[in-house]
Amino acid sequence: MRTTVGIVGAGPAGLLLARLLHRAGVDAAVLESRDRRHVERRQRAGILEQGTVDVLRAAGAGERMDREGLRHDGIELRYAGTRHRVDFPALTGGRSVMAYAQTEVCKDLIALRLADGGPLLFEAEALAVDGADTDRPRVRFRHRGVEDVLECDYVVGCDGSWGVTRRAVPAALSRVFEQTYPFGWLGVLADAPPSHDELVYARHDRGFALLSLRSPSVSRLYLQVPAGTDADSWDDGAIWDELERRVEAAGAPPLTRGPISQKSVTPMRSSVHEPMRYGRLYLAGDAAHIVPPTGAKGLNLAVGDVVTFARALVHRRETGSDALLDGYSATCLRRVWQAQRFSADLTALLHRAPDAPPFEDRLQHARLERLTSCRAAATDLAEGYTGLPF
Ligand SMILES: Cc1cc2nc3c(=O)[nH]c(=O)nc-3n(C[C@H](O)[C@H](O)[C@H](O)COP(=O)(O)OP(=O)(O)OC[C@H]3O[C@@H](n4cnc5c(N)ncnc54)[C@H](O)[C@@H]3O)c2cc1C
């Protein structure tokens with residue numbers, strides 16, 4: 001097989017890149033190790049920054065999102081039994097976010113890719129990228145048991161945090177910056193209407209809790225739990241009781257309970273692989289960086305990376321200049337580190353480390369008070385949450 005851009009991975013990064021390239025008249029092939037059903041059902045992110053919403057619309061992938069997604073103009077912070085709303089449009093000059101699940105973004109982009117004529121190969125596992133430092137990089141892959149080679153002008157590794165493309169960057173040139181947290185998130189999907197029409201972020205002495213949603217009839221709820229917790233050690237009643245305790249605040253409506261259809265524990269970690277480009281191999285999304293989910297940045301960063309790559313490739317075609325492609329890693333990393341900063345700050349603000357001294361508790365309260373009483377501090381949060389422009 002031969003193509004201009006070989007894309008490894010059909011998560012949001014790979015699928016959106018395929019769409020952007022198709023619209024720009026650049027041919028590409030997407031290899032995805034899992035089957036379509038798996039990719040369309042994997043529960044992950046659900047908050048789209050303003051820039052992501054704009055990109056999806058411009059790519060012709062926003063029709064269902066605009067119909068079924070829920071625009072959010074703010075979040076609620078709860079701590080010490082109090083409630084405080086952060087109003088995004090008022091603080092950012094009109095920006096907001098959209099609650100629209102990653103599963104739905106992937107379904108929309110897969111349908112478009114297939115309508116665009118593909119190729120999008122499911123159950124096609126990339127084994128290795130060869131010749132990344134040459135003009136003809138190749139992806140060796142196995143499709144339904146048969147080995148094949150995809151010859152490309154460029155390879156974009158969109159294969160997530162456990163992918164293989166990153167391994168083509170020589171170890172001597174790679175640097176990985178990492179941080180792990182001593183806690184994770186127990187996330188549940190519940191057939192229950194959301195108790196609040198915006199996301200609720202709660203800081204409590206027993207740990208963090210988040211009330212989120214997937215649709216007007218499905219809630220997505222999270223509890224901070226110690227690292228290594230087994231999700232099955234929590235029964236449904238205990239989950240609801242603990243959520244109730246942690247989000248309790250004066251005047252807050254009681255939680256709407258309902259059957260829990262899924263539960264799992266996500267470890268919390270941050271990592272950045274530098275550089276994000278080696279020769280003609282470009283890393284995008286979780287293949288290059290992981291953020292803790294607190295700031296809802298993972299999917300949005302993936303979008304930022306592939307927009308940067310697509311623009312750089314179009315720039316090369318229009319001007320003959322490789323400048324933007326050469327600058328890909330530096331351009332993306334500026335945004336990535338801002339998202340890491342934002343996610344780390346929000347995580348530290350709201351979670352309680354198992355060994356946190358009382359001094360740290362007081363500091364958290366002081367930070368929250370500052371945030372909820374000072375417009376400049378709230379503006380910083382609102383700008384970070386709604387995202388940097390692409
Ligand atoms: C459990 C979990 C929960 C999350 N929750 C949130 C959240 O609440 N909010 C938030 O903002 N972010 C969340 N994230 C992060 C967010 O979902 C990711 O940042 C986002 O999926 C990144 O998209 P991506 O396309 O870069 O990678 P992925 O979505 O991981 O896609 C990578 C794709 O590559 C495929 N692949 C892997 N290896 C190969 C191979 N060798 N060959 C071919 N294909 C391969 C995979 O099957 C996958 O389809 C969560 C992530 C996880 C893992």
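Residues of segment 21-46 that are touching a strand residue (DSSP E or B) at 6+ places or on another chain (Cβ under 7 Å), within 11 Å of the ligand (Cβ to nearest atom) and not hydroxyl-bearing (Ser, Thr, Tyr): VAL30, LEU31, GLU32, GLN43, GLY46. Within segment 126-143, the set of residues being buried (at least 19 other Cβ atoms within 10 Å of the Cβ) and within 13 Å of the ligand (Cβ to nearest atom) comprises ALA126, VAL129, VAL139, PHE141. Test ARG64 against the criterion of being in the same structural domain as ILE47 (by TED's automatic domain parsing), closer than 23 Å to THR4 by Cβ and either part of a strand (DSSP E or B) or among the basic types (Lys, Arg) (or both), and give yes or no. It is false that ARG64 is in the same structural domain as ILE47 (by TED's automatic domain parsing), closer than 23 Å to THR4 by Cβ and either part of a strand (DSSP E or B) or among the basic types (Lys, Arg) (or both).
Just one of the numbered conditions (1) surrounded by fewer than 24 Cβ atoms within 10 Å (Cβ to Cβ); (2) out of contact with any Ser or Thr (no Cβ under 9 Å at 6 or more places or on another chain); (3) outside the structural domain of TYR201 (by TED's automatic domain parsing) is not true of GLN262: (3). Scanning segment 349-371 for residues that are surrounded by 16 or more Cβ atoms within 10 Å (Cβ to Cβ) and part of a helix (DSSP H, G or I) yields LEU349, LEU350, GLN364, ARG367, LEU368, LEU371. Reported count of residues in segment 234-285, each being assigned to a strand (DSSP E or B) and not hydroxyl-bearing (Ser, Thr, Tyr), is 13.
Taking the criterion of being among the β-branched types (Val, Ile, Thr) and touching a residue at least 12 places away in the same chain (Cβ under 8 Å), the residues of segment 137-154 that qualify are VAL139, VAL149.
Table: residues versus (1) of a type in the set (Lys, Arg); (2) assigned to a helix (DSSP H, G or I); (3) within 9 Å of the ligand (Cβ to nearest atom).
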position: THR294; (1), (2), (3): no, yes, yes
position: LEU301; (1), (2), (3): no, yes, yes
position: ASP305; (1), (2), (3): no, yes, yes
position: ARG311; (1), (2), (3): yes, yes, no
position: ARG316; (1), (2), (3): yes, yes, no
position: SER321; (1), (2), (3): no, no, no
position: LEU324; (1), (2), (3): no, yes, no
position: THR331; (1), (2), (3): no, yes, no
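For beta carbons closer than 7 Å, sequence separation of 6+ or different chains, a first residue in segment 369-390 that is farther than 13 Å from GLY93 by Cβ and a second that is of a type in the set (D, E, K, R) and at pLDDT 95 or above, the qualifying pairs are ALA377/ARG370; GLY387/GLU49; LEU388/ARG335. Looking across segment 38-50 at every residue that is part of a helix (DSSP H, G or I) and more than 19 Å from ALA126 (Cα to Cα), the one that is modelled with the lowest pLDDT is identified as ARG41.
If you go through segment 166-193 and keep only what is in a helix (DSSP H, G or I) and small (Gly, Ala, Ser), you end up with ALA168, ALA171, ALA172. Checking each residue in segment 144-165 for being more than 10 Å from the ligand (Cβ to nearest atom) and either aromatic (Phe, Trp, Tyr) or at pLDDT 95 or above (or both) picks out VAL146, GLU147, ASP148, VAL149, LEU150, GLU151, CYS152, ASP153, TYR154, VAL155, VAL156.
Which one of these is within 18 Å of LEU346 (Cβ to Cβ), away from the ligand (no atom under 16 Å from the Cβ), touching a residue at least 60 places away in the same chain (Cβ under 8 Å) and surrounded by 18 or more Cβ atoms within 10 Å (Cβ to Cβ): VAL272, VAL200, VAL247?
Going through VAL272, VAL200, VAL247 in turn, the sole match is VAL247.
The values are calculated or read from the model by the stated rules, or taken from the named source; none is laboratory data. Just so it is clear, the structure is predicted and the values come from calculations on it, not from any experiment. Positions of Cβ are generated from backbone atoms using ideal geometry, with glycine treated the same way; all protein chains shown enter the neighbour counts.
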